[in-house]
Structures are given as structure tokens and as C-alpha cells.
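See structure below.
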Amino acid sequence: MQATITKMTLSQVEQKKNMAISTKAKYDKYWDNVDNVNYLLYVAVVLDTRNKLRYVTYCIELVYGKGSEKSKKISGLVTKTLEDFFNHYKGKVEKANVQNTHDNLVDENLSRFGEMDIDLELEFDKFDHEGQDIKSEVEIYLAGGREKRDNKFDLLEWWKVNSIQFPILSTLARHVLAMPTLTVALDSAFSTGRKVIDKYRSSLNPDTAEVLICAQDWIRCSSVDLELGCAMKSKEIDELNENMTSLKID
């Protein structure tokens, strides 16, 4: 998007150039200032196994230059945001396990040390596994290969299948990737009335507004409805029109 806008700012057509300059000013307001960027959007791209951090870094370097300070700063902030989110989810998981661990700790220790024959290697493997930094999930994920691009690829299904390898990261990915990015309120997106009554037609009376909304709905009727209308006899259509004319809109 930025490449297209920047190219248009160099246009020889004055109108197109002015439009591009105005658009670029709005674009830079949200994306050029590092402090104003919502890095969760970048995290969502990183959690796509077909992209990962390498794709984000590649795109950032195309915009701000390879090896530039701004590219390094943005890439670092993307990684930090992912790690911060991961640590938050990690803390929630650990908090949920604290109670169970506390309840079983005394009995487990008494049972363990009460045995005469202890497998030290097995106990060490268990201890070492529990002591590992779970943050390595992020490191393992980012260091791994990318999935091939396929139109039938189901990203959420991939995270479901790999939830054993990435138990915490998969939960984070499921929440982030399922989050709608649309910022428009639902009533604004699906309201028919707002499309009919705008600032240029704000004085429409209720009857006229209702007629316009109904007409709009009828125009957008399905092909089945159109075929049904074509199949009706002219006499039936005339009767239908007379009945509709006699209707009174309350």
C-alpha cells in the first residue's frame, strides 16, 4: 500500500499527485510513527506459519530500507510485543497450576523420599523438563521453517494440531487470529437506514424512507425471486400491484 501511494506522489497528473500526498499524510499518521503503530497487527502476521517474523522483517525493510535503524527498531518491537503477550499467557497458565502444585507438593515429596530405590536419571529428566523456560516456545517457532502457501491451508487448524508442541503459543495464536480487525461498529456496517438517510437526505419523512428501504431490498432480491416474477401471469401481476397500491404505510 505504501509503495503504491509513494509512486502516485510522483505522478505527473496534478490531481492524482495531490490526492496521493493527502493519502500519504493520513497513512504516515498511523504507520510512519513507530510509537503509534499497533504491533498486534504485526504479531498476527508473525503467527501465520506461512509468514513468520522473516516476512514481516522483509516487508519492513522494503518500506524503510534494509538495515536501517527504523527497520531494526520496528522488528525489535514486533518481537518484544510477541514475547510480552506470550509471557502474559504463560503467567496465566502458571497461576492456574499453582494451586494444584501446592496441594500435591507435600505428599509427592514424602512419597518420593520414602522410597529406597530412586531412579536419579528419571527424576533429573523430570526436574530438567519442569525447569525449562517455556519462553523457548517462541524461539522454537520463529526458528522453524515456514509452511507452503496453499489456498486450502487452515491456519487455526495448524495451531490446533501443533498445540502439543506449542501449548501456550497456540492459545495465544487462537485468540489473536480469531480477533476481527474491523473497527467499524456492527450497526454502522449493517445499518440500511444510514445508507438511505445521510447528511444530504436528512429531511426524508418516515414514509419516504421506508419506501426507499423496501425498494432497495426488492432490487437486491435473488434470481429465484426474479424467475418467480417472470413466471407470473400479467393478470396476477396487475392484481398484485393493485393490492400493493391499496396498502397503507403506518
Helices (runs of 4 or more DSSP H) fully within region 1-92 counting 1 or more residues that are under 30 Å from Val161 (Cβ atoms) and modelled with pLDDT of 90 or more: 39-46, 52-64
Residues located in region 1-40, provided they are closer than 26 Å to Lys80 by Cα and open to solvent by less than 80 Å² (accessible area, probe 1.4 Å): Gln2, Tyr27, Asp28, Asp32, Asn33, Val34, Val37, Tyr39, Leu40
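Out of all the residues in region 2-21, which are over 17 Å from Cys59 (Cα atoms) and not basic (Lys, Arg)? Give the derivation first.
Within region 2-21, the subset over 17 Å from Cys59 (Cα atoms) is 8-21.
Selection gives Met8, Thr9, Leu10, Ser11, Gln12, Val13, Glu14, Gln15, Asn18, Met19, Ala20, Ile21.
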Qualifying residue in region 42-55 (condition: touching a Phe, Trp or Tyr at 6+ places or on another chain (Cβ under 7 Å), polar (S, T, N, Q) and more than 16 Å from Ala3 (Cβ to Cβ)): yes
Condition check for Asp117: of a type outside the set (Phe, Trp, Tyr), part of a helix (DSSP H, G or I) and modelled with pLDDT under 80: no
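Okay, residues lined up against (1) in a loop (DSSP other than H, G, I, E, B); (2) at pLDDT 75 or above; (3) closer than 30 Å to Tyr89 by Cβ:
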site: Ser163; (1), (2), (3): yes, yes, yes
site: Ser170; (1), (2), (3): no, yes, yes
site: Ala173; (1), (2), (3): no, yes, yes
site: Ala189; (1), (2), (3): no, no, no
site: Lys195; (1), (2), (3): no, no, no
site: Ser203; (1), (2), (3): yes, no, no
site: Ala209; (1), (2), (3): no, yes, no
site: Ile213; (1), (2), (3): no, yes, no
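Can you confirm whether Glu130 is over 20 Å from the mean Cα position of the chain (by Cα), at pLDDT below 65, among the acidic types (Asp, Glu) and open to solvent by 60 Å² or more (accessible area, probe 1.4 Å)? Please lay out each step first, then the result.
On the way: over 20 Å from the mean Cα position of the chain (by Cα): yes; at pLDDT below 65: yes; among the acidic types (Asp, Glu): yes; open to solvent by 60 Å² or more (accessible area, probe 1.4 Å): yes.
Yes.
The values are calculated or read from the model by the stated rules, or taken from the named source; none is laboratory data. Here the structure is a predicted model, which is why all the values come from computation and not from measurement. Reconstructed Cβ throughout: ideal geometry from the backbone, glycine too, with neighbour counts over all protein chains shown. Remember, those area values only see protein heavy atoms, side chains included, never the ligands or the DNA or RNA. Shrake-Rupley method; radii C 1.70, N 1.55, O 1.52, S 1.80 Å.
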